[in-house]
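Structure first, commentary second.
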Amino acid sequence: MKETNDEGAVQKILTTQLNRKTFLKYSAIAGSTMAIGLEACHKDDNPSMSNGTVDVGSGDTGILNFAYALEQLEAAFYIQVNASMYSGATNEEKQILADIMNHEIAHRDFFKAALGSSAIMQLQVDFSKIDFTSRASVLATAKALEDTGVSAYNGAGQYITNGDYLTLAGKIVSVEARHAAAIRDLLNPKSASFAGDDVVDPTTGLDFSRTPNAGNPSIVATANTFLKTKISATKLP
Amino acid sequence: MNTTKIFEALANEKNETDISRRDALNKTLKLGLKAAIAAIPLGLSSIMSNRAFAQTSTPGVVDILNYALTLEYLESEFYQMGLASSGLVPSSDMNIIAQISKHEDAHVILLKSTITSLQGTPVSKPNFDFTAGGTFADVFSNYQTFLALSNAFEDTGVRAYKGQAANLLADKAAGAVITAALDIHSVEARHASEIRRLRGFKGWITQSQANGLPAAIYAGEDNTMQGGKDVKTITSVSADAITEAFDEPLTMAQVLAIAGPFIKA
């Protein structure tokens with residue numbers, strides 16, 4: 001399992017495609033100038049920025065960056081939760097929320113490293129709608145984020161062309177589903193809610209899956225309610 | 001009460017009190033693999049012998065769905081029998097077990113119809129022995145044993161689906177099947193999380209901790225290499241957290257070695 005090359009498999013595949021042409025793209029944004037370094041051959045695959053909105057790009061890179069955006073959001077949320085834990089949290093709640101924070105940080109850092117120079121920027125979050133002193137507000141947000149994460153990975157899976165990336169997405173989505181079940185059980189203990197009929201179709205037994213722009217509100221729109229740096233996925237379904 | 005004791009009991013039963021629990025587990029698993037190869041249902045056996053066990057070619061979509069169907073048959077019957085065993089599931093947990101049972105039944109129906117729609121033939125349901133030849137003799141009378149096996153089946157199911165995702169990708173026509181497989185996969189993970197927590201464990205898998213279950217179910221879960229990167233070198237969180245954050249796949253052969261002892265023929 002020892003990797004002799006510093007570059008990971010994901011980055012290796014990306015740069016193999018990209019080495020033929022390397023370029024820097026500069027975007028001027030509303031008063032400030034921001035430089036985003038992008039190595040790209042298929043420049044459409046890569047993220048871009050206009051009017052302050054980060055577009056995740058297309059293809060596998062776009063899907064991985066979309067996942068990276070959601071993981072950034074989740075990590076930031078749980079870091080804030082743990083930094084200002086609501087009063088009355090049980091030891092079990094503290095343990096679960098600390099564990100999930102660490103998992104989301106691992107996911108975030110993994111995507112950043114794997115995407116390398118193709119990664120989107122660090123997104124600024126806006127949690128003004130969340131009352132971090134309220135258990136109900138925190139757990140309801142956690143539930144929404146985890147369920148959204150599950151449906152996002154499930155929906156994007158079939159558009160991933162590289163099998164290794166699909167397996168990686170699979171490794172992460174089941175952990176998000178484990179989180180979702182635990183958070184749902186904290187909200188409605190000992191009920192069917194951990195895999196409730198509102199998320200798992202009772203007839204087919206299938207979890208929800210959604211492409212980034214499907215539904216109203218879409219996953220992109222939902223994510224943007226928590227983001228100061230808005231994202232878009234105009235080149236994904 | 002707990003599964004460690006179950007496996008200790010297994011060792012005692014065989015008058016092998018001198019061997020360690022690890023040896024007992026290994027022995028059970030070896031028996032399991034033999035049983036699995038001997039007992040794989042008709043139709044599935046050709047997949048296993050010709051493809052997955054040999055690992056020379058990628059199984060086709062119908063082969064993979066029949067493999068999934070076999071696992072869903074197992075889970076479906078397991079929960080049906082559990083719910084039919086009077087006094088087994090405490091009323092406090094009934095909503096949980098009934099919800100899982102409902103999903104496994106639905107997965108069986110969905111997979112059968114999907115296989116048929118792809119012009120395939122669904123494998124028929126094998127005969128199951130949830131005592132695994134007497135190892136879990138009290139599976140339907142001792143709730144802790146029932147939960148332990150439920151935990152085993154759910155975590156194995158998650159790993160089984162994950163292990164086939166990329167194989168489905170190899171079939172260009174499999175787009176909708178990939179989504180369905182992923183949608184089942186995450187449901188199994190929700191189940192696994194809930195059952196693990198009912199047993200008093202975390203909903204996620206730390207390192208390759210088996211919590212008294214056969215070690216093969218968690219083999220490789222301690223991996224920290226992802227996408228060619230050692231995640232330990234790129235994040236500040238602990239190795240335990242990293243292993244929790246990434247669930248690992250199992251091959252068909254590995255899954256059948258685990259499920260084999262429960263399949264009679």
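The values are calculated or read from the model by the stated rules, or taken from the named source; none is laboratory data. This one's a predicted model, so the numbers in the text were calculated from it and none came from an experiment. Cβ sites come from the backbone with ideal geometry, for glycine too, and all protein chains shown count toward neighbours.
So here's what we get for this one:
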quantity: Unmet requirement for B:Ala265, which otherwise passes all of (1) under 28 Å from B:Ala68 (Cβ atoms); (2) among the hydrophobic types (A, V, I, L, M, F, W, C); (3) at pLDDT 95 or above; calculated: (3)
quantity: Selection from region A:211-237 of residues that are of a type in the set (D, E, K, R) and loosely packed, with under 15 Cβ neighbours inside 10 Å; calculated: A:Lys228
quantity: Pair list, Cβ < 7 Å and 6+ apart or interchain, from region A:194-208 residues that are within 7 Å of chain B (Cβ to nearest Cβ) and touching a residue at least 12 places away in the same chain (Cβ under 8 Å) to residues that are of a type in the set (A, V, I, L, M) and assigned to a loop (DSSP other than H, G, I, E, B); calculated: A:Asp207/A:Val199
quantity: Filtered residues of region B:239-262 (kept if at the interface with another protein chain (Cβ under 7 Å from one of its Cβ atoms) and not hydrophobic (A, V, I, L, M, F, W, C)); calculated: B:Glu244, B:Asp247, B:Glu248, B:Pro249
quantity: Cβ-Cβ under 9 Å pairs, at least 6 apart or on other chains, region A:91-108 side over 12 Å from A:Phe77 (Cβ atoms), far side assigned to a helix (DSSP H, G or I) and aromatic (Phe, Trp, Tyr); calculated: A:Ala98/A:Tyr78; A:Asn102/A:Tyr78; A:His103/A:Tyr78; A:His107/A:Tyr68
quantity: Residue, nearest to A:Ala177 (Cα to Cα), within region B:193-221, restricted to residues that are over 14 Å from the mean Cα position of the chain (by Cα) and assigned to a helix (DSSP H, G or I); calculated: B:Glu194
quantity: Residue that is assigned to a helix (DSSP H, G or I), within 22 Å of B:Asn211 (Cα to Cα), of a type in the set (A, V, I, L, M, F, W, C) and touching a His at 6+ places or on another chain (Cβ under 6 Å), where the choices are B:Val187, B:Val158; calculated: B:Val187
quantity: All positions within region B:98-128 that are surrounded by fewer than 17 Cβ atoms within 10 Å (Cβ to Cβ) and assigned to a helix (DSSP H, G or I); calculated: B:Ala98, B:Ile109, B:Ser113, B:Thr116, B:Ser117
quantity: Options A:Ser117, A:Ser137; residue that is over 26 Å from A:Leu186 (Cβ atoms), assigned to a helix (DSSP H, G or I) and either polar (S, T, N, Q) or facing chain B (nearest Cβ under 9 Å) (or both); calculated: A:Ser117
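For every residue, the table says whether it meets (1) at pLDDT below 50; (2) over 27 Å from A:Lys143 (Cβ atoms); (3) among the β-branched types (Val, Ile, Thr).
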position	(1), (2), (3)
A:Lys25	yes, yes, no
A:Phe66	no, no, no
A:Ser84	no, no, no
A:Ile96	no, no, yes
A:Asn102	no, no, no
